[in-house]
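Step one of this worksheet: look at the structure below.
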Amino acid sequence: MAVCVLMGHAPRLMAEEAAAVPAKNPARRTPLDVEYWRQLAPRPQDLWGETKETFWGWNFGYVAATAGLAGGLAFLDTDMQKPWRRGDELLGHDLTNIGDVVGNPGVQAGVMGLTYTLGQFIDDPTMTQAGKSMAETMIFTSLTTLALKGIFHRERPDGHDHLSFPSWHASATFGNATVLAEYYGWKAAIPAYLISIFVGCSRIEDNSHFVSDVVTGAAIGCIYGHAVSRYNMRVHPNVSIEPVVMEDGPGVQASMRF
């Protein structure tokens, strides 16, 4: 459903019913436009509001439950990792390599950028806002994940480095998946979460992470994706503003989808 409001020469518009003729389609916004970046850039008040949303009500319960679950799984990690350390395979080398690429935070940032850019290009407010929510979710998940990696300094199962806990691949993919689920429902949630689970399993099988690393990363992504999306849908409803040409001069058309 859409509600449209026309604003221009108010006295004449109120005195008579003016026929609004849409102007020519405005130029599509691209990364070369300043407005593209202005709308994507997070506002400090939004980041603060999303932070409060994350640590308030039921979401705070999810945060506490994640901490407890991570602590419990940490005691079982060594036993759960034994099959992969022996070289057992569930997915196989080729698929684990694909999971590593798909879940790479840089690739997930590309998914975010593609979602936002496509939303701007086709003038889809829902897709644009979903892309913006992905960007803000990625800020939170990345900062949290990197901070925890530095604090815990946990060695990876393969001994490659001490950045095992939590999984950045998992927090990035589950963050984007949760945003898509919030905006588009189960039709987007099912494939997005299946891809995220595949990424998590591939990181365990190639001995890059313990199970608790992946579970905690997934929880971080889900918690922030949920909080950021709910905040933006509540505080920033889908409103688009377009120029129009009326009989007595130019005006502005505001349209809200709900």
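Below are the figures for this structure:
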| read-out | value |
| --- | --- |
| Qualifying residue in segment 2-23 (condition: among the β-branched types (V, I, T) and at pLDDT 85 or above) | no |
| Breaking point among (1) closer than 16 Å to V101 by Cα; (2) in a loop (DSSP other than H, G, I, E, B); (3) touching a Gly at 6+ places or on another chain (Cβ under 9 Å); (4) touching a residue at least 60 places away in the same chain (Cβ under 8 Å), for P166 | (1) |
| Residue among L146, L180, L69 that is modelled with pLDDT under 95 and aliphatic (A, V, I, L, M) | L69 |
| Odd one out for A181, checked against (1) part of a helix (DSSP H, G or I); (2) surrounded by fewer than 19 Cβ atoms within 10 Å (Cβ to Cβ); (3) in contact (Cβ under 8 Å) with a residue 12 or more places away in the chain | (2) |
| Where a residue in segment 222-243 is part of a loop (DSSP other than H, G, I, E, B) and its partner, wherever it lies, is at pLDDT below 95 and aromatic (F, W, Y), with Cβ under 8 Å and at least six apart | P237/F258; N238/F258 |
| Subset of segment 205-218 (residues that are under 10 Å from A170 (Cβ atoms) and part of a helix (DSSP H, G or I)) | D213, V214, V215, T216, G217, A218 |
| Residues satisfying the stated conditions in segment 150-170, i.e. aromatic (F, W, Y) and either closer than 26 Å to R43 by Cα or surrounded by 24 or more Cβ atoms within 10 Å (Cβ to Cβ) (or both) | F165, W168 |
| Among (1) at pLDDT below 95; (2) buried (at least 23 other Cβ atoms within 10 Å of the Cβ), the one test that P125 misses | (2) |
| Given (1) modelled with pLDDT of 90 or more; (2) among the small types (G, A, S); (3) out of contact with any His (no Cβ under 8 Å at 6 or more places or on another chain), number of the condition G103 does not satisfy | (3) |
| Test: residue in segment 82-90 that is free of Cβ contacts under 8 Å to residues at least 40 places away in the same chain and under 19 Å from S196 (Cβ atoms) | no |
| Residue match in segment 129-149 (condition: over 21 Å from T54 (Cβ atoms) and surrounded by fewer than 23 Cβ atoms within 10 Å (Cβ to Cβ)) | no |
| D94 vs. criteria in a helix (DSSP H, G or I) and farther than 20 Å from T54 by Cα | yes |
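The values are calculated or read from the model by the stated rules, or taken from the named source; none is laboratory data. Quick caveat, the model's predicted, so the values are computed rather than measured. Virtual Cβ from ideal backbone geometry, glycine too; neighbours counted across all protein chains shown.
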